[in-house]
Protein chains: 2
Amino acid sequence: MRENTARPAVLPVAPTRSRLRPLGLDEVRITGGFWARRRRTNATVTLGHCRDWMERAGWTGNFRAAAEGRIHRDRRGREFADSETYKLLEAMAWAAAGGGPDTSLDADTAALTEVIAPAQDPDGYLNTAFGRPGQQPRYSDLEWGHELYCHGFLIQAGVAQARARGEGELTKIARRAADHVCATFGQGGIESVCGHPEIETALVELARLTGEQRYLHQAALFVERRGHGTLADIEFGRAYYQDDTPVRQATVLRGHAVRALYLAAGAVDVAVETGDDALLAAVVRQWENTVARRTYLTGGMGSHHRDEAFGDDFVLPPDRAYAETCAGVASVMLSWRLLLATGEPRFADLAERTLFNVVAASPSEDGRAFFYANTLHRRHRGTVPPADTQSPRAESGLRAPWFAVSCCPTNVARTLAQLPAYLATADDHGVQLHQYADAEIATSLAGGHGVALRVRTDYPSGGHVAVRIGRAPAHPWTLSLRVPAWTAGATAWLVDPDGVRRAVAPGTAEVTRVFRPGDEVRLELPVAPRWTHPDPRIDAVRGTVAVERGPLVYCAESVDLPVGHEADAIRVDPSTEPEDAPAGPDDASGTGGTVLVPGELAAPGDVPDDAWPYRPLGLPAAPRAADRAGIALVPYHTWANRGPSTMRVWLPTTQPPTRSTGR
Amino acid sequence: MRENTARPAVLPVAPTRSRLRPLGLDEVRITGGFWARRRRTNATVTLGHCRDWMERAGWTGNFRAAAEGRIHRDRRGREFADSETYKLLEAMAWAAAGGGPDTSLDADTAALTEVIAPAQDPDGYLNTAFGRPGQQPRYSDLEWGHELYCHGFLIQAGVAQARARGEGELTKIARRAADHVCATFGQGGIESVCGHPEIETALVELARLTGEQRYLHQAALFVERRGHGTLADIEFGRAYYQDDTPVRQATVLRGHAVRALYLAAGAVDVAVETGDDALLAAVVRQWENTVARRTYLTGGMGSHHRDEAFGDDFVLPPDRAYAETCAGVASVMLSWRLLLATGEPRFADLAERTLFNVVAASPSEDGRAFFYANTLHRRHRGTVPPADTQSPRAESGLRAPWFAVSCCPTNVARTLAQLPAYLATADDHGVQLHQYADAEIATSLAGGHGVALRVRTDYPSGGHVAVRIGRAPAHPWTLSLRVPAWTAGATAWLVDPDGVRRAVAPGTAEVTRVFRPGDEVRLELPVAPRWTHPDPRIDAVRGTVAVERGPLVYCAESVDLPVGHEADAIRVDPSTEPEDAPAGPDDASGTGGTVLVPGELAAPGDVPDDAWPYRPLGLPAAPRAADRAGIALVPYHTWANRGPSTMRVWLPTTQPPTRSTGR
């Protein structure tokens, strides 16, 4: 790892040392394409949508009620409702940083900060659910109270403000809260942790911002304390909040997915700042096992609705996938930290998959509705959620405007707001591109030599990436481009500024030379649709296949079938390759385009059942009418945007699958 | 339907009119075999085990604390803890009825009744969780409070005492409670229902006992009120407690499985007593759709851990099967009521499946530990539950002595105690045998003509059933025997007293004649092990098969594999028939014996994973070593009796399944 010399970049994550140096929102700008549209909607619609809903739900009002001494009777929302305001403030800070001269976000931030400030106690404690007359005492319910979780997001918001707009009132509130946390949970204080990890990564980031090591030490203390059973043994078991096994001994992520991922991200932060290679290696091992055995094709994590938790190895039921949006956000946070720490492209691969197929799947096209859970199979059409009341979070038929537990909308908002920072990094040898979008990148290499790049791409509909050099030092340096893991089995090409074309394997493709302004490096990725089949140990999808195209997972949706047919009536024939639909990838919508696969479609209608759905082998049910048909598939992230529908990612085959490999 | 003239039989369910007349515990005695052993353990071990645990957990003490005015600070257990004492009292009443001269159960009942009695309020209300100073007011939380649920079980216990031992103090307490319920929830009272149905069936049974129609009317009112949204719309939705759709409009069971099944049983009771054929038809339709689309091979019901609920149609994941023991008990209650009302053997078929594969699976051989959830697939070995603390209910690796929510042990206990009543019925034409066990049956037919039968069988290990006539009228009558639905695809034979042998199809086999003492009717059922395959719409078990033998579902358990192998390493070859293991069915243990199936066993050990468990079609993973092997299977109900193990009911095949039928 290398030291990152202090510099005034607008960085969501700013390790003092790392293998790769992150670039700030002042260094990377997304200028067009898929993510530009999503970010525009986020900035112009979603931020306001969240603010309005928090006001309407009374969650912002909780701060006023606290300041006015009536919170014990007037409080609204769940115990963690405060955190939504903080996450929104963080999102607004990053959006303001990338938003140019418009200062309305700054005014909104100031107004919300004025609401929050009077609710902070003199010692820095800030929570509207605990500690006042008529409420439970502070930290009397570490298992479920979320007080440190809320403080963590407050600190993240304060850091974001300082980095994006300069230190302001919100940053001061955050520092006071952090000082309170250190005073209360430091050596000699309460020797426990929060039921929901989050404070760890927040404290490290504050240490990075301020240079004050006590914040880092407190974060390290929280990471080391967990796993020793200081929290109660609840019905879900202590694994629910990762208090079953110390972080450095665990081999896989387990329990509540968002908690597990936030904790792992915090552990990486601590490991990087303290140079603790053993801790870093432990998290890498957990990531590897989790990706190999506990992750959905979409990148989604969490197989249980009951406890919003990871399942056992290979328990990945598509129809009961929880795959919470916040777990997707947290997975990207973890992969990004591991990418910075190690430089290994596999972490960017998972981040890409998760961004396109979980984070992008949550918000509707108009930015006013969200998925909380991201199922991979929907058996009956949902009903349109009410526009004016909060929806249950686990209902996954259609996106809803707000939830009783509404962590996901603001988490998506802060992720989209900071997205440019995930695109590229630098090191002593050059610049690395990890995610592909139309973008302008300007930074300096070692010795202060400026580099400027312009990226043009039709990603994710197409696989053409062109990187044009705008400014470059006069000496040789290296431009690195990630060749996605999804290209395995097809050929990707790299074209250097001289027009020399060479096949490149998944991993990293590099061009090292003296670049001149106007030089162009091109990457050509094979985005033809492809069949994907699952590990035979995933019982829930035995005998099915899926279709992917570039970084996008596809699905069949009933709105694309003849009237009256449902997605469960589909059988596909994987002996023939899937193809782009005649109209070609739908570049105009930027969603990735429609794909056609050969198959059969059973006749619609409520066919009579057998009285008992199990029968002796050799006594098959009467065959039902099925027509050969081309089945249209659409990118998973677009599903349910056209009204209620049934949906499948994993499609049963008309042909028997290949013989089991005995695994 | 026919009127059942009043007679002093010891009947758990005593409809005043029905197609078939139930026989009492004074008319049917189980004398040996599988269920006799289970019942003996229940009477001699489990009843005391439950009483000791309730004392230790403080649940019995709640009644004392209530009487002594300290319950607001001393109460222990969940809001429904009172009901366990009542269910135990019911179990003790039925056990005493069948237990001969030993009066220790009567003494125990008297002692427990003395504990309960002082906690009853003057107006009949009895609940230790509500209504006293420092507690929530009565009926302030109908959604979760379980007050009517508790009253319901109290009434059931009072009815059981009256029927089994004559009306006593417990019956008086129960009547006062029922009077309170009618006064409080009748016309002009609280116009709502309990979040957990149960009171319905209890009130009907009290009406049957006492002849007082107001109890029946109150039950009918509760049935009709449900489905109209008088309960809150919780995160699980109102379907959780069946308050989404009126009973007579619903087409399938949904929501919390135990709630749905108790409600359906109560609706049948109301329909039968009031002659409401439309209501009965509605429940029959719900039963049909639930059995065809929402029931596990074991008879287990409930696919969701999150809300202990039915899933959508064909959502039956074996590894996340909840299949709560109490849902099995409730399903038997429902099927029995439908069998009495209609006389159709399909209801006895499901009851048999559920008794052998859910109810019998819950308790351990020694009667001191229980499954709460009954999974059909266990991926990792469980740990031995603590002997002295309550276990989480959803942990399903090994049976546990007691649970924080411990509804299942007492529910199993009361079911085993009343089991003889499920064996046979009578009508004007003769006697019907529905379940097979060594038994002695004595009743009278129309006109007071006595009939006595003696049943001998090796069921469920074998399929020989011999019914010997002990006493019979001098005129012709009909002996009916259920030919189980599981015999479909093989041949069952009936042998009449003259030795004439004829093939009989699933349904009912009858012999009508003038029987003489010593006459014997024999039924020969084909219990050879057989492959069973699932409806292709059950996604979670595509590409797998199961083995059944007679009424028993089988499973593979890792304790029967070479050391180090797990159940997930098994692939079976269904092109060859399963066979009884060389030693033959293990009659000695009475468990049904071991079966051998051909297959493969992958090499053990923690093989390295692929980094990502999804790959392009045509790029299969490297095959792993697999040896041909005979795989031993054991009856599902015996699993986990030999220590921690991994287990599967549905076994992936080495061969591709037959081509999809396009359903």
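Values computed for the structure shown
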read-out	value
Filter result (assigned to a loop (DSSP other than H, G, I, E, B) and either within 20 Å of A:Ser331 (Cα to Cα) or in contact with a strand residue (DSSP E or B) (Cβ under 8 Å, 6 or more places away or on another chain) (or both)) within segment A:356-385	A:Ala360, A:Ala361, A:Ser362, A:Ser364, A:Ala369, A:Phe371, A:Tyr372, A:Ala373, A:Asn374, A:Thr375, A:Leu376, A:Pro385
Every residue from segment A:589-605 that is more than 7 Å from every other protein chain (Cβ to nearest Cβ), open to solvent by less than 40 Å² (accessible area, probe 1.4 Å) and modelled with pLDDT of 75 or more	A:Gly593, A:Val595, A:Val597, A:Pro598, A:Gly599, A:Leu601
Among the residues listed as A:Ala323, A:Ala330, the single one being part of a loop (DSSP other than H, G, I, E, B) and buried (at least 24 other Cβ atoms within 10 Å of the Cβ)	A:Ala323
Residue in segment A:513-528 that is of a type outside the set (Ser, Thr, Tyr), at the interface with chain B (Cβ under 8 Å from one of its Cβ atoms) and touching a residue at least 12 places away in the same chain (Cβ under 8 Å) present	no
Selection status of B:Ala421, surrounded by 23 or more Cβ atoms within 10 Å (Cβ to Cβ), at pLDDT 95 or above and in contact with a strand residue (DSSP E or B) (Cβ under 9 Å, 6 or more places away or on another chain)	yes
Residue pairs meeting the criteria (Cβ under 7 Å; at least 6 apart or on separate chains; first more than 14 Å from every other protein chain (Cβ to nearest Cβ) and open to solvent by 20 Å² or more (accessible area, probe 1.4 Å), in segment A:636-656; second part of a loop (DSSP other than H, G, I, E, B) and of a type in the set (Gly, Ala, Ser))	A:Asn641/A:Ser364; A:Pro644/A:Gly382; A:Pro644/A:Gly397
Filter pass, B:Ser335 being hydroxyl-bearing (Ser, Thr, Tyr), part of a helix (DSSP H, G or I) and either surrounded by fewer than 24 Cβ atoms within 10 Å (Cβ to Cβ) or within 21 Å of the chain's Cα centre (by Cα) (or both)	yes
Top-ranked residue of segment A:338-363 - restricted to ones that are crowded, with 23+ Cβ neighbours inside 10 Å and of a type in the set (Asp, Glu), ranked as farthest from A:Leu376 (Cα to Cα)	A:Asp349
Check on A:Leu105, of a type outside the set (Gly, Ala, Ser), modelled with pLDDT under 95, assigned by TED's automatic domain parsing to the domain that holds A:Glu55 and open to solvent by less than 40 Å² (accessible area, probe 1.4 Å)	yes
A:Ala250 vs. criteria away from chain B (no Cβ under 14 Å), over 23 Å from A:Cys407 (Cα atoms), open to solvent by 10 Å² or more (accessible area, probe 1.4 Å) and among the aliphatic types (A, V, I, L, M)	no
Flag for A:Cys182 being without any contact (Cβ under 8 Å) to a residue 40 or more places away in the chain and not basic (Lys, Arg)	yes
Flag if B:Asp123 is under 27 Å from the mean Cα position of the chain (by Cα) and open to solvent by 40 Å² or more (accessible area, probe 1.4 Å)	no
Members of segment B:349-396 found to be touching a Lys or Arg at 6+ places or on another chain (Cβ under 6 Å) and within 14 Å of chain A (Cβ to nearest Cβ), listed by number	B:Tyr372, B:His377
So B:Ala321, is it within 14 Å of another protein chain (Cβ to nearest Cβ) and over 19 Å from B:Thr532 (Cβ atoms)	no
Every residue from segment B:516-542 that is farther than 30 Å from A:Arg379 by Cα and hydrophobic (A, V, I, L, M, F, W, C)	B:Val521, B:Leu523, B:Leu525, B:Val527, B:Ala528
Check on B:Gly507, open to solvent by 10 Å² or more (accessible area, probe 1.4 Å), small (Gly, Ala, Ser) and either within 14 Å of chain A (Cβ to nearest Cβ) or without any contact (Cβ under 8 Å) to a residue 24 or more places away in the chain (or both)	yes
Cβ pairs under 8 Å, 6+ apart, first in segment B:567-580 and on the phi < 0 side of the Ramachandran plot and without any contact (Cβ under 8 Å) to a residue 24 or more places away in the chain, second crowded, with 23+ Cβ neighbours inside 10 Å and not hydroxyl-bearing (Ser, Thr, Tyr)	B:Thr576/B:Val597
Residue in segment B:606-617 that is modelled with pLDDT of 70 or more, more than 7 Å from every other protein chain (Cβ to nearest Cβ) and in contact with a strand residue (DSSP E or B) (Cβ under 7 Å, 6 or more places away or on another chain) present	no
In segment B:273-316, residue nearest to the other protein chains (Cβ to nearest Cβ) [restricted to those that are surrounded by fewer than 18 Cβ atoms within 10 Å (Cβ to Cβ) and small (Gly, Ala, Ser)]	B:Ala281
Strands (runs of 3 or more DSSP E) lying entirely in segment A:387-459 (those with 3 or more residues that are of a type in the set (Val, Ile, Thr) and not assigned by TED's automatic domain parsing to the domain that holds A:Gly550)	A:449-457
Those residues of segment B:219-244 which are away from chain A (no Cβ under 14 Å) and open to solvent by 20 Å² or more (accessible area, probe 1.4 Å), in sequence order	B:Ala220, B:Leu221, B:Glu224, B:Arg225, B:His228, B:Gly229, B:Thr230
Selection count, segment B:552-566, where residues are within 14 Å of chain A (Cβ to nearest Cβ) and closer than 28 Å to B:Trp35 by Cβ	4
Within segment B:533-560, considering residues that are hydroxyl-bearing (Ser, Thr, Tyr) and in contact with a Leu (Cβ under 7 Å, 6 or more places away or on another chain), the one farthest from B:Val495 (Cα to Cα)	B:Thr544
Unmet requirement for A:Thr576, which otherwise passes all of (1) within 10 Å of chain B (Cβ to nearest Cβ); (2) of a type in the set (Ser, Thr, Tyr); (3) more than 29 Å from A:Ala437 (Cα to Cα)	(1)
Failed item, numbered, when A:Ala474 is tested on (1) under 22 Å from the mean Cα position of the chain (by Cα); (2) open to solvent by 10 Å² or more (accessible area, probe 1.4 Å)	(1)
Given (1) within 24 Å of A:Asp307 (Cβ to Cβ); (2) open to solvent by less than 10 Å² (accessible area, probe 1.4 Å), number of the condition B:Pro401 does not satisfy	(2)
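The values are calculated or read from the model by the stated rules, or taken from the named source; none is laboratory data. If you're wondering where the values come from, they're calculated on a predicted model, not measured in any experiment. Glycine gets a Cβ as well: all are built from the backbone with ideal geometry, and neighbour counts include every protein chain shown. Note: accessible area is taken over every heavy atom of the protein model, side chains too, but ligands, DNA and RNA are not part of it. Shrake-Rupley method; radii C 1.70, N 1.55, O 1.52, S 1.80 Å.
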